[in-house]
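The values are calculated or read from the model by the stated rules, or taken from the named source; none is laboratory data. It should be emphasised that the depicted structure is a prediction, and the values quoted were computed from it without experimental measurement. Glycine also receives a Cβ, built like all others from the backbone with ideal geometry; neighbour counts cover every protein chain displayed. Please note that ligands, DNA and RNA were not included when accessible areas were found on the heavy atoms of the full protein model with its side chains. Shrake-Rupley method; radii C 1.70, N 1.55, O 1.52, S 1.80 Å.
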Amino acid sequence: MMNDSHRQLLVIAPTCPPGVCGVSDHAFRTALALGKYYLDIKIGVQYFPADEIEVPLELSADNWETALNGSISSTYPTDVLLNYTPKSYSRFALPFKLLSALKKFKKASPANRLFVYFHETWDGGKNLKPHHKLLDAFTKYTVKVLSKQADGITVVTNEQKQKLESVLVNPKVHLSMVGANILPFDKEYGLKSARNPGEWIIFGLAHTRLWTLQQHLPLIKQLYQKGGISKLYAIGPKDNAYAEQELNLSNAEIGEGVLVQMGVLKPAEVSAMMLSAEAALVGQTADSLRKSGTFAALSAHAVPVVCEAPLTLDEPPGYALFRPQELMENYSLVGTAEGEKRRQLLHQWFWLTRSWEAIALDMYSWIKE
């Protein structure tokens, strides 16, 4: 594939490393992987992380306004890839300064192009509180303005794609792929590592973990009683009301000490736990699995994933998942030849379609259309 050696790329995101933000981390890693296709790549951010530890970045990061002005005055044409979530660039989901600056950028040169990656869109729910309804209306307005300005738009779920196509004139919405923020040191480790029988994990923010625990409670209780689960490790923040509810629910319904809250761990520590876990519980819908960095990370580590999703699902492959009902009927399934076949398939799916190289190629192919 020919590269754009005469073009620059500016990736705009909420923040940059060492800041913790799923969207920004995805943007930064995608930018790194896109490096071979462009003359130069820069990151423009809304805010810099408060962490005082200076981390040497593989890409230079600047305030998005400064970076965008630099692109406007450059002699080389620029592609801007804006990573958008409703409140990343404005508390009220109306980023007037950004919209104006992007309009100026497009006018500066007919060779300048704008691509927008909508990681989130508007809610559209009828039962929103008045202030949420107002924010939702502002979000919808901003999405429509950005879509009109853009040379290309992309989303991460079919639901988002359908939502955009319902309000845009002649829409052409690309469906992007989400990678994993946590990867094993070597891609083969997940298939070679020793799994600890009975040790399962739930990974994510506290409210997501609580929801997952509630959803899978019948299965967990049954497996604990049969000896299929001995410890359930909760990885992620544990200093809020949701985490407290999570622990109380487990102690009351499963047993004292079964759920162990690990708190926020370093990526290498999370990776180590994923390499030793017998299985992981996921509480997302089939559509939202596409945009889940957590699910992608589990797949990268070849962890057997327990999730309620249809067998017919092709992205990710539904056959590679374990359904609660089948484990209630045969709790040792994950350790069988059939279980091994499924996790190999999930692992293969990730490394063929969700590695940062694969994501960058998909992104660049979309930009080149």
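Quick notes
- Among the candidates Ser90, Ser100, residue that is over 19 Å from the mean Cα position of the chain (by Cα), of a type in the set (Ser, Thr, Tyr) and at pLDDT 95 or above: Ser100
- Output for the range 205-231, where each listed residue is at pLDDT 95 or above, touching a strand residue (DSSP E or B) at 6+ places or on another chain (Cβ under 9 Å) and surrounded by fewer than 16 Cβ atoms within 10 Å (Cβ to Cβ): Ser230
- Scanning the range 164-188 for residues that are open to solvent by less than 20 Å² (accessible area, probe 1.4 Å) and closer than 22 Å to Leu34 by Cβ, we see that the one that is farthest from the chain's Cα centre (by Cα) is Val173.
- Verdict on Asp314 being loosely packed, with under 14 Cβ neighbours inside 10 Å and of a type in the set (Asp, Glu): yes
- Given (1) in contact with a Phe, Trp or Tyr (Cβ under 7 Å, 6 or more places away or on another chain); (2) surrounded by 21 or more Cβ atoms within 10 Å (Cβ to Cβ); (3) of a type in the set (A, V, I, L, M); (4) farther than 20 Å from Ala360 by Cβ, index of the condition Ile202 fails: (1)
- Taking the numbered list (1) open to solvent by 40 Å² or more (accessible area, probe 1.4 Å); (2) farther than 30 Å from Val260 by Cβ; (3) assigned to a helix (DSSP H, G or I) in turn, Leu191 passes all entries but (2).
- Residues that are touching an Asp or Glu at 6+ places or on another chain (Cβ under 9 Å) and either open to solvent by 10 Å² or more (accessible area, probe 1.4 Å) or of a type in the set (S, T, N, Q) (or both), drawn from the range 292-311: Gly293
- Across the range 316-325, a minimum of one residue is classified as part of a helix (DSSP H, G or I) and more than 23 Å from the chain's Cα centre (by Cα).
- Candidate set from the range 166-187 (those that are outside any loop (DSSP other than H, G, I, E, B) and touching a strand residue (DSSP E or B) at 6+ places or on another chain (Cβ under 6 Å)); member that is farthest from Leu352 (Cα to Cα): Val173
- Residue selected from the range 294-315 under the condition part of a helix (DSSP H, G or I) and of a type in the set (Gly, Ala, Ser), by the criterion nearest to the chain's Cα centre (by Cα): Ala296
- Whichever residue in the range 317-346 is open to solvent by 10 Å² or more (accessible area, probe 1.4 Å), without any contact (Cβ under 8 Å) to a residue 60 or more places away in the chain and aliphatic (A, V, I, L, M) and, among such residues, is farthest from His119 (Cα to Cα): Ala337
- Verdict on Ser24 being of a type in the set (S, T, N, Q), over 26 Å from Ser292 (Cα atoms), at pLDDT below 95 and in a helix (DSSP H, G or I): no
- Leu39 meets the conditions (1) open to solvent by 30 Å² or more (accessible area, probe 1.4 Å); (2) closer than 24 Å to Val264 by Cβ; (3) at pLDDT 90 or above; (4) among the aliphatic types (A, V, I, L, M) in every case but one. The failed one is (2).
- Count - residues of the range 250-293 that are among the β-branched types (Val, Ile, Thr), more than 30 Å from Thr353 (Cα to Cα) and part of a loop (DSSP other than H, G, I, E, B): 2
- Cross-chain or 6+ apart pairs with Cβ under 6 Å, the range 216-228 first and part of a helix (DSSP H, G or I), then hydroxyl-bearing (Ser, Thr, Tyr): Leu223/Tyr331; Lys226/Tyr331
- Condition met for Lys238 (modelled with pLDDT under 95 and either within 30 Å of Leu361 (Cβ to Cβ) or in a helix (DSSP H, G or I) (or both)): no
Yes/no per residue for (1) acidic (Asp, Glu); (2) under 25 Å from Pro197 (Cα atoms); (3) in contact (Cβ under 8 Å) with a residue 60 or more places away in the chain:
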{"site": "Glu244", "(1), (2), (3)": "yes, no, no"}
{"site": "Leu259", "(1), (2), (3)": "no, yes, no"}
{"site": "Val264", "(1), (2), (3)": "no, yes, no"}
{"site": "Met273", "(1), (2), (3)": "no, yes, yes"}
{"site": "Leu289", "(1), (2), (3)": "no, no, no"}
{"site": "Val303", "(1), (2), (3)": "no, yes, yes"}
{"site": "Pro310", "(1), (2), (3)": "no, no, no"}
